[in-house]
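Structure record follows, encoded as structure tokens.
We did not get these values from a lab; they are worked out from the coordinates using the rules stated. Just so we're clear, the structure is a prediction, and the values are computed from it rather than from any experiment. With ideal geometry, Cβ positions are generated from the backbone for all residues, glycine too; neighbour counts draw on all protein chains shown.
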Amino acid sequence: MRRPARPRRAVLAAALAAALVVAGAGTAAVTGLGGEDAVAVDEQELEVPVGPEPSGERVSLDVSVFAPEEGAPGADDEGRRAAVLLAHGFGGSKDDLAAQARSVAAEGYVVLTWTARGFGDSGGLIHLDSPDYEVADASRLLDLLAERDDVLLDAAGDARAGIAGGSYGGALALMAAAYDGRVDAIVPAITWHDLSQGLFPQRALSGSAAGEAPAPGVLKQRWASLFFASGLAAGLDPSAASAAPGVDPQCGRFAPRVCRLYDEAATTGRPDEAVLRLLRRSSPAPVLDRIGAPTLLVQGLQDSLFGLDQADATARGLAAGGTPVAVRWIDGGHDASGTALSADDLVDPALAWFDHHLRGGPDPGEAFDLSLPASPFGEEEAEQLTAPAYGEETTTTLPLAGARGDGPQPLLSPPGGEPAALTSLPGTGPLLGAAGSTGAGYALGALPGESAVFDTPALDEPLTVVGSPRVRLSVVSSTTDATLFASAWVVSADGAATLPRQLVSPVRLEGLTPGRPREVEVALPTSAYRVEAGQSLRVVVSSTDAAYAVPQDRRTYVVSLAGDGVVVPSVDAERTAGTGGLAPTPLVVAVGLLLLGAAALALLAGRRRREAPVVAELADVPLAVDGLVKQYSNGFRAVDGTSWRAERGQVVGLLGPNGAGKTTTMRMLVGLIRADGGSVHVLGHRVTAGAPVLARVGALIEGPGFLPHLSGRDNLLAYWAATGNDPAAAHLEETLAIADLGVAAERPVRSYSQGMRQRLGIAQAMLGLPELLLLDEPTNGLDPPQIRNLRGVLARYATGGRTVVVSSHLLSEVEQTCSHVVVMHRGRVVLEGAVADLVDRSGSTLVTVEGDPARAVEALTGPGGPGGVEQAAVEPDGRVRVVGTAPRPALVARLVEAGVPVAAVDGRRHLEEVFMSLVGEGQPAQVADAGEARR
């Protein structure tokens with residue numbers, strides 16, 4: 001049994017510098033701050049012999065080893081460290097990973113990078129992560145690490161090592177862990193589970209004829225072409241090892257067998273058994289039961305090559321075998337702008353994972369972290385969600401109907417496959433994203449005559465889709481097979497449709513009898529997105545898609561519904577804003593630089609800002625918002641002419657449902673985004689990006705973000721030091737008391753729960769005790785006792801003349817926390833005022849009586865009832881609500897006169913009642929409505 005080395009606590013300066021390297025500084029020596037010693041990293045270039053090619057040709061790999069010099073954390077008493085191997089993507093080389101390797105080495109690991117055989121300056125041919133070649137090469141590299149005197153050993157020849165990689169390198173990490181038990185932990189990213197499904201996807205969950213295996217899927221023609229072309233390009237590079245004599249110009253550096261099988265599949269559009277065997281052998285799917293190394297799977301939402309369904313299958317297979325596994329869905333992938341994974345996407349979560357599983361550091365847990373992209377019809381803001389574990393989902397069935405009810409819809413598959421629906425352009429980044437976000441993409445992706453369309457009713461409340469929705473269809477073909485593409489679109493209230501991440505589900509059916517229906521259950525694209533109230537889901541079934549190989553003959557299909565509707569999965573997840581459990585994003589540090597270091601930033605830019613004149617009448621008003629407007633490129637107004645104020649000593653609640661415009665407003669209040677109209681003044685100074693007055697503002701917007709390797713205390717110190725302010729003015733101990741973290745303040749933030757990070761974020765916003773404090777959804781992640789304590793903290797903070805603005809969608813929480821409220825709905829302010837005034841207005845009275853409440857209603861509304869009673873009705877809790885202008889003493893007197901005993905009279909309304917009276921059930925609220933409500 002191995003004994004993980006206990007990591008030393010990194011000094012503050014080194015950790016900050018390491019974060020700079022992660023961000024892309026890319027220097028060989030990570031320079032400390034404030035005169036601290038540098039964490040130097042030595043790089044060694046090696047040529048490592050590995051197994052030969054089938055022809056007998058000898059092969060060597062181009063290898064680099066990065067080792068931190070003495071003083072970096074993570075070494076045992078003998079100076080040995082755990083090792084990390086970083087594997088590059090298809091068509092890349094070790095040079096792509098140099099900056100990441102240096103940053104990981106600076107954290108105290110020995111890091112090895114290499115160029116896979118068939119690429120760059122390494123010899124050999126491309127065998128697609130074959131166990132006999134690329135995977136065997138990884139084992140040879142583990143041997144190399146075990147021979148070094150600076151690498152920890154679990155046994156003779158067994159280095160303490162983890163592997164991380166993206167795409168081609170991610171599959172290599174999984175395969176290496178399956179074939180070599182010395183691998184101790186892995187972080188594969190944006191990669192495949194089954195390469196045969198990755199290139200020939202089949203999303204029909206049923207529908208094969210009795211006793212037959214599922215039909216092979218549909219060739220991703222464009223992706224396969226790009227994939228093969230990159231290998232050909234490697235063979236034509238005169239500067240690389242590929243320039244050696246004997247490289248076939250028709251196959252580049254692909255192994256002859258791989259090249260031949262690709263030619264056959266690309267020509268026919270269908271894989272034969274030999275192709276499927278080769279692709280499956282180059283996949284983790286058949287060997288998942290061999291993987292025991294703890295696995296963090298990172299997969300991208302923007303990925304039509306290796307989608308989330310691939311990581312889903314891997315995660316479920318590993319979990320079924322008892323392997324520790326955590327899953328992270330990121331807002332990236334092969335369709336993102338640029339294929340390189342950022343430090344936040346790969347390096348940071350890998351470090352957290354490896355620190356625990358290789359060095360005995362804090363346990364990052366096995367939570368499911370996911371990015372929820374912004375709605376193209378709403379505020380342009382993404383969210384981060386965290387669920388306790390992967391695979392725990394709930395489902396909702398939404399009814400579907402076509403334009404003609406549940407009747408069949410005919411489709412044409414045209415000769416030559418043209419014109420074809422255009423839903424994505426693989427290899428070009430999110431090129432169709434802009435068109436899709438405006439609804440124009442629907443005209444390209446759902447061609448008339450080639451598409452069947454089924455819609456759900458408009459939703460009454462928001463629904464977060466996480467996973468793969470499913471739908472049952474009936475398909476009739478004019479031939480013995482059918483090729484179809486199913487997709488799920490989000491439709492706005494005005495009818496504009498957008499396709500989340502431009503993903504479709506290919507379906508291929510074989511063995512059909514022409515003219516006879518075949519039922520099939522289809523898994524729609526796996527993704528994560530929100531459908532807002534008033535929007536609907538649309539299932540589109542098309543006969544063509546330009547990214548795939550489609551039949552070339554003329555044929556017709558008839559598609560109809562065969563089930564109750566579309567089954568939509570979701571998860572019970574907690575909103576964690578801009579941070580996840582494994583890879584925090586230091587947004588708050590960026591906000592702090594804007595708020596507290598604005599003057600210094602202006603000087604660094606080489607110019608001094610001339611401060612706008614103070615508006616005299618607003619000089620003593622902490623916050624004044626006048627006519628604020630934010631309109632996005634698709635015409636949506638997230639904020640539509642809002643005006644309100646926050647005075648000294650007030651705790652103001654910015655209240656509204658999700659999508660009301662609260663967070664957009666909060667970001668404009670500190671200059672993070674530019675307003676398209678109106679103004680924001682703080683103490684009479686107009687707010688713009690970097691305005692000096694922002695030094696008097698503290699903010700927690702979009703959740704907390706911290707450097708994961710630092711303690712809570714050191715994160716606060718680092719934040720304050722970055723502002724350049726006097727350390728004595730930070731009030732550090734006071735803010736730590738507010739955070740109430742106890743001894744946890746001395747532990748790395750990486751080990752914190754979401755609630756602990758949130759409390760630390762609130763304390764960070766309070767550093768320096770700013771005159772105006774802005775908190776966006778501050779109760780996220782807090783348990784009930786912590787929320788109760790926060791109410792007192794905010795009230796005490798405001799008593800000294802300071803002002804607090806809190807945004808929230810929790811009505812009851814605002815009522816208990818805030819002295820004043822600004823209610824937003826659909827981008828507009830519909831009500832503002834003191835909470836006590838809003839809930840104390842006399843238009844409604846609740847009366848508790850003993851006995852039958854119906855007698856009270858009869859006494860108040862029947863003959864002899866007091867004047868001014870407009871309505872009286874029994875509430876669900878048995879109380880009687882009386883609406884009108886009748887004085888409450890008169891109501892009580894009448895009830896006593898009628899022999900109805902009165903137990904209690906309550907004239908207060910809950911804030912929820914006030915809010916619902918303004919916005920109604922799904923009705924739009926206008927400014928005019930607010931004026932009426934105030935009267």
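Odds and ends about this structure:
- The Cα center of region 474-517 and the Cα center of region 813-888 differ in position by 52 Å.
- Listed residue (V475, T394, P419) projecting farthest to the positive dipole end of region 393-574, Cβ model: P419
- 3J(HN,Hα) along region 295-308, derived from phi through the Karplus expression 6.51 cos²θ - 1.76 cosθ + 1.60 where θ = phi - 60°, amounts to 10, 9, 9, 10, 10, x, 6, 9, 8, 8, 8, 10, x, 4 Hz, with x in place of Gly and Pro.
- Using the Cβ-Cβ distance between A619 and R140 with R0 = 60 Å, the FRET efficiency computed as 1/(1 + (r/R0)^6) comes to roughly 0.25.
- Across region 443-454, computed HN-Hα scalar couplings (Karplus, 6.51 cos²θ - 1.76 cosθ + 1.60, θ = phi - 60°) run 5, 8, x, 9, 6, x, x, 10, 9, 9, 10, 9 Hz from first to last residue, x flagging Gly and Pro.
- 3J(HN,Hα) along region 166-175, derived from phi through the Karplus expression 6.51 cos²θ - 1.76 cosθ + 1.60 where θ = phi - 60°, amounts to x, 6, 4, x, x, 5, 4, 4, 5, 5 Hz, with x in place of Gly and Pro.
- Computed lengthening from A533 to E57, 0.36 nm per intervening residue step minus Cα-Cα distance: 165.0 nm
- Residues whose amide H falls under 5 Å from that of I126, counting only those 5 or more places apart or on a different chain, are F254, A255, with hydrogens built in the peptide plane.
- Percent of Cα-Cα distances greater than 31 Å, calculated over region 393-574: 12 percent
- Binning the C-alpha pair distances of region 477-547 at 10 Å intervals from 0 yields a P(r) profile of 18, 42, 26, 13, 1 %, listed from the shortest bin outward.
- Protection proxy ranking for 464-473, 45-54, 444-453, 71-80, using the average of other Cβ atoms within 10 Å per residue and placing the highest first: 464-473, 444-453, 71-80, 45-54.
- Descending by average beta-carbon neighbour count within 10 Å, the peptides 737-747, 483-493 line up as 483-493, 737-747, the highest first.
- Between the amide H of A87 and those of A164, G165, G166, distances stay under 5 Å, these residues lying 5 or more places away or on another chain, with hydrogens modeled in the peptide plane.
- The H on the amide N of A82, modeled in the peptide plane, is under 5 Å from the matching H of V110, L152, each at least 5 residues off or on a different chain.
- Region 393-574, relative contact order [Cα under 8 Å, separation at least 6], %: 41 percent
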